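*Asks:* Just dropping this structure here.
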Amino acid sequence: QVQLVESGGGLVQTGGSLRLSCAAPGIRGFNIVGWYRQTPGRQRELVATITSGPTTSYAGFAKGRFTISRDNAKNTIYLQMNSLKPEDTAVYYCNVKDVSWDSGYWGQGTQVTVSS
């Protein structure tokens, strides 16, 4: 069992920035790590992933505004979010897995609220 702990969420004004962190012991052993988000009544959606390559992939809404990175030495995954919009308000979750079709392991989430 892998325990992931997200942090860095909070309340920010439109146009502001936040940096999310995910403490993920042993992430060196996982090929794909990523961030997802969810709002009430909606399915969890992909924000960004980064492989061990590293190769990054972003959802359309995240391109140009968000940056995912991983520090295997520190066992930490980051999500730098800039130019935040009210529609970015959600609970953000980190995820680690070996292959794309695996569900992997999830953290408990961190709330991001962007005020207009």
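*Asks:* Just checking, which of Val112, Val91, Val96 is touching a residue at least 40 places away in the same chain (Cβ under 8 Å), closer than 15 Å to Val2 by Cα, surrounded by 14 or more Cβ atoms within 10 Å (Cβ to Cβ) and of a type in the set (Val, Ile, Thr)?
*Replies:* Val96
*Asks:* For the range 9-50, which residues satisfy the criterion of being farther than 20 Å from Gln108 by Cα, at pLDDT 95 or above and touching a Lys or Arg at 6+ places or on another chain (Cβ under 9 Å)? Quick ask: steps written out before the conclusion?
*Replies:* The initial filter retains those residues of the range 9-50 that are farther than 20 Å from Gln108 by Cα, namely 12-17, 28-29, 31.
Keeping just the survivors that are at pLDDT 95 or above gives 12-17.
Thr14, Gly15 - these are the residues of the range 9-50 that are farther than 20 Å from Gln108 by Cα, at pLDDT 95 or above and touching a Lys or Arg at 6+ places or on another chain (Cβ under 9 Å).
*Asks:* So in the range 1-29, with the set limited to residues that are in contact (Cβ under 8 Å) with a residue 60 or more places away in the chain and of a type in the set (Ser, Thr, Tyr), which one is nearest to Arg70 (Cα to Cα)?
*Replies:* Among those that are in contact (Cβ under 8 Å) with a residue 60 or more places away in the chain and of a type in the set (Ser, Thr, Tyr), it is Ser7.
*Asks:* Could you say whether any residue in the range 46-63 is open to solvent by 30 Å² or more (accessible area, probe 1.4 Å) and closer than 12 Å to Asn95 by Cβ?
*Replies:* We begin by selecting, within the range 46-63, every residue open to solvent by 30 Å² or more (accessible area, probe 1.4 Å); these are 46, 51-58, 60-61, 63.
Still in the running and closer than 12 Å to Asn95 by Cβ: 46.
The answer is yes, given that some residue of the range 46-63 is open to solvent by 30 Å² or more (accessible area, probe 1.4 Å) and closer than 12 Å to Asn95 by Cβ.
*Asks:* Please go through (1) assigned to a strand (DSSP E or B); (2) of a type in the set (Phe, Trp, Tyr); (3) open to solvent by 40 Å² or more (accessible area, probe 1.4 Å) for Trp101 and return the number of the only condition it doesn't satisfy.
*Replies:* The one condition Trp101 does not meet is (1).
*Asks:* Shifting gears a bit: Quick one: which strands (runs of 3 or more DSSP E) sit completely within the range 30-86 and have at least 2 residues that are of a type in the set (S, T, N, Q)?
*Replies:* On the way: elements: 32-38, 45-51, 56-58, 66-71, 76-81.
Of the strands (runs of 3 or more DSSP E) lying wholly inside the range 30-86, those with at least 2 residues that are of a type in the set (S, T, N, Q) span 45-51, 56-58, 66-71, 76-81.
*Asks:* Pull up the range 3-29, narrow it to residues that are of a type in the set (D, E, K, R) and part of a strand (DSSP E or B), then point me to the one that is least open to solvent (accessible area, probe 1.4 Å). Reasoning before the result, please.
*Replies:* Step one: list which residues in the range 3-29 are of a type in the set (D, E, K, R), which gives 6, 19, 28.
Imposing the further condition that a residue be part of a strand (DSSP E or B) reduces the set to 6, 19.
Working: Glu6: 11, Arg19: 128 Å².
So, considering only residues that are of a type in the set (D, E, K, R) and part of a strand (DSSP E or B), the one least open to solvent (accessible area, probe 1.4 Å) is Glu6.
The values are calculated or read from the model by the stated rules, or taken from the named source; none is laboratory data. Just so it is clear, the model here is predicted, and its values are computed rather than measured. Heads up, the Cβs are rebuilt from the backbone with ideal geometry, glycines too, and the neighbour counts pull from every protein chain shown. For the accessible areas, the whole protein counts, side chains as well, though only heavy atoms, and no ligand, DNA or RNA atoms are used. Shrake-Rupley method; radii C 1.70, N 1.55, O 1.52, S 1.80 Å.
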